[in-house]
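A.B. asks: Questions regarding the structure given below will be posed in turn.
The values are calculated or read from the model by the stated rules, or taken from the named source; none is laboratory data. All of these numbers come straight from a predicted model, not from anything done at the bench. Neighbour counts run over all protein chains shown; Cβ positions are idealised from the backbone, glycine included. Please note that ligands, DNA and RNA were not included when accessible areas were found on the heavy atoms of the full protein model with its side chains. Shrake-Rupley method; radii C 1.70, N 1.55, O 1.52, S 1.80 Å.
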Amino acid sequence: MSYVPSNGVFPAALGDFLADTFCTYAGKTSESPGGVALNSMLLEWTAEVFGYPKGFQGNLTSGGSAATVIAMATARDSRKGLRARDFHRVVVYVSELTHHCTKKALHTIGLGEAVVRDIQVDSRWKMDVRALEATVANDRQNGLIPFAVVATVGTTDVGSADPVDAIADVAERQGLWLHVDAAYGGFFALCEEARALFRGVERSDSIIVDPHKGLNLPYGSGVVLVRDGRKLHLSNTAHKQGSYLTNPLHPGSDDTELSPCDLSFELSTHFRGPRMWFPLKLFGVQTFRLMLKEKLRLAAYFYRIIKGEHTTVMFNHGDLCFNR
Ligand SMILES: *Cc1c(COP(=O)(O)O)cnc(C)c1O
């Protein structure tokens, strides 16, 4: 009942049309400074939505799963002294409702042997923070390596939000990487009435969100942000680039200017910015905010109906409807 299928919007198709027609290569700043700037604008806007401070770096990805791979790889590479021979002692904390893409990503980045602990949820489907801290302490005592915790803001099953601020406290005390999965619910942060659910998200180490869910954009639209951008950069440049990627006329010129390909495992990609930029520019953020507000109100309306309270609900269809 609560599934939110995306249905695409015309300006996104127009953006794709232009991206494909001009075949813009936005992987390198030196190849397409304009294309990279457009992508960067969208990352900055997304960071603003979640209150991420300056210094972050990110990526437009094909979706939430690819974004999670990038975030988890960055977490792995940022953990000082972590060696492959220790991977079986690494522990990642999730809740019963965490999306399975986290486990998949761990497998993809070579951490398939890691222990994944399903922390119990409370009566409102939120991760039990006390259980989390007790489990971490217990694991540490048993010689394991508590490594990361995943908080979800908008679980796919029931739409619940983990208490990110309290989880951030635990992560800080215990030295865990805090990853926020906002793939499904992230853009509800645009709505004042849902803001409280996002408290603490700005303290996370990484976050993913799917424009192809909350913004109704075509599939193939994900975002990953890493709070300390240097970590994302390091995770993706700890190797020598092909010499054809350095500019012979200005050797070293790329060192000062980060390119998207320095911040992802991908090199050549679809120029993803225009399909997000056009709808946001042409419709305005407010249009998306109203569309999301409508969903919140529909959810509340539905909740009251199944609680048998429907007779007391004021339901003004014209007011609720997105068609203006
Ligand atoms: C959909 C979803 C994902 C995975 O994102 P894809 O874009 O489908 O790869 C991750 N986490 C949550 C909570 C989701 O709802």
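A.B. asks: Counting other Cβ atoms within 10 Å of each Cβ, which chymotrypsin sites (Phe, Trp or Tyr not before Pro) in segment 1-68 have at most 12 and sit in a DSSP loop? Spell out each step's value before the answer.
C.D. replies: Working: sites: TYR3, PHE17, PHE22, TYR25, TRP45, PHE50, PHE56; in loops: TYR3, TYR25, PHE56.
Within segment 1-68, the qualifying chymotrypsin sites (Phe, Trp or Tyr not before Pro) (loop, at most 12 other Cβ atoms within 10 Å) are TYR3.
A.B. asks: Relative to the Cα centre, what is the charge dipole magnitude of segment 132-202, using +1 at the beta carbon of each Lys and Arg, -1 at the beta carbon of each Asp and Glu, and rounding to the nearest 20 debye? Working shown, then result.
C.D. replies: Numbers: 4 positive and 11 negative charges, 34 e Å.
Roughly 160 debye, rounded to the nearest 20.
A.B. asks: Between HIS107 and ARG199, how high is the FRET efficiency from 1/(1 + (r/R0)^6) when r is the Cβ-Cβ distance and R₀ = 30 Å? Nearest 0.05. Don't skip to the end; give the middle numbers.
C.D. replies: On the way: r = 31 Å, r/R0 = 1.05.
FRET efficiency, HIS107 to ARG199: 0.45.
A.B. asks: On a 26 Å Cα-Cα criterion, which of the cross-link pairs LYS103/LYS307; LYS126/LYS307; LYS103/LYS126 come out too long? List each step's numbers first, then the result.
C.D. replies: Numbers: LYS103/LYS307 35 Å; LYS126/LYS307 21 Å; LYS103/LYS126 19 Å.
Those over the limit are LYS103/LYS307.
A.B. asks: Given a 1.4 Å probe and heavy atoms of the protein chains only, how would you sort LYS54, LYS28, LYS295, largest accessible area at the top? Could you put the intermediate results ahead of the total?
C.D. replies: On the way: LYS54 185, LYS28 5, LYS295 65 Å².
Ranked from most to least accessible, the order is LYS54, LYS295, LYS28.
A.B. asks: May I ask which residue of VAL164, ASN142, PHE283 lies farthest towards the positive end of the charge dipole of the chain, with charges of +1 (Lys, Arg) and -1 (Asp, Glu) on Cβ and the Cα centre as origin?
C.D. replies: Farthest along the dipole direction, towards plus: ASN142.
A.B. asks: So what are the ³J(HN,Hα) numbers for segment 89-96, from phi and the Karplus equation (6.51, -1.76, 1.60; θ = phi - 60°), rounded to whole Hz, Gly and Pro as x?
C.D. replies: In residue order, the calculated couplings are 9, 6, 10, 10, 9, 10, 9, 4 Hz.
A.B. asks: Could you pull out every one of the aspartates and glutamates with an alpha carbon less than 14 Å from that of LYS213, ignoring same-chain neighbours closer than 8 positions?
C.D. replies: Excluding near neighbours in sequence, the set is ASP181.
A.B. asks: Could I ask something else about it? I want to check the label-to-label distance for GLN286 and ALA238. Put each point 7 Å from Cα in the C-beta direction and report it in nm to one decimal.
C.D. replies: 4.7
A.B. asks: In whole Hz, with x marking every Gly and Pro, tabulate ³J(HN,Hα) for segment 66-71 from phi via Karplus 6.51 cos²θ - 1.76 cosθ + 1.60, θ = phi - 60°.
C.D. replies: 5, 4, 5, 4, 5, 5
A.B. asks: Quick one, what does Rg over Rh come out to for the chain if you take C-alpha atoms and the Kirkwood Rh? Each step should come with its number before you reach the end.
C.D. replies: Details: Rg = 20.7 Å, Rh = 20.8 Å.
When Rh is taken as the Kirkwood radius, the ratio is 0.99.
A.B. asks: Please state the charge dipole magnitude for the chain, taken about the Cα centre, from unit charges on C-beta atoms (+1 on K and R, -1 on D and E), reported in debye and rounded to the nearest 20. Could you put the intermediate results ahead of the total?
C.D. replies: On the way: 34 positive and 34 negative charges, 52 e Å.
The calculation lands at about 240 debye.
A.B. asks: If you don't mind, there's one more thing I want to ask. Which order do peptides 160-173, 82-95, 118-131 fall in by mean Cβ count within 10 Å, highest first? Walk me through the numbers on the way to the answer.
C.D. replies: Working: 160-173: 20.5, 82-95: 17.7, 118-131: 16.1.
Output ranking for 160-173, 82-95, 118-131: 160-173, 82-95, 118-131.
A.B. asks: Still on this structure, I have one more. What distance in nm lies between label points placed 7 Å from Cα along the C-beta direction at ARG140 and SER268?
C.D. replies: It works out to 4.8 nm between the two label points.
A.B. asks: Continuing with the same structure: Per the helix-only calculation at 222 nm, which mean residue ellipticity applies to the chain, given -39500 (n - 2.57) for every DSSP H run of n ≥ 4 and division by its residues, nearest 500 deg cm²/dmol?
C.D. replies: Numbers: 11 runs with 128 residues, N = 324.
-12000 deg cm²/dmol, from helical runs alone.
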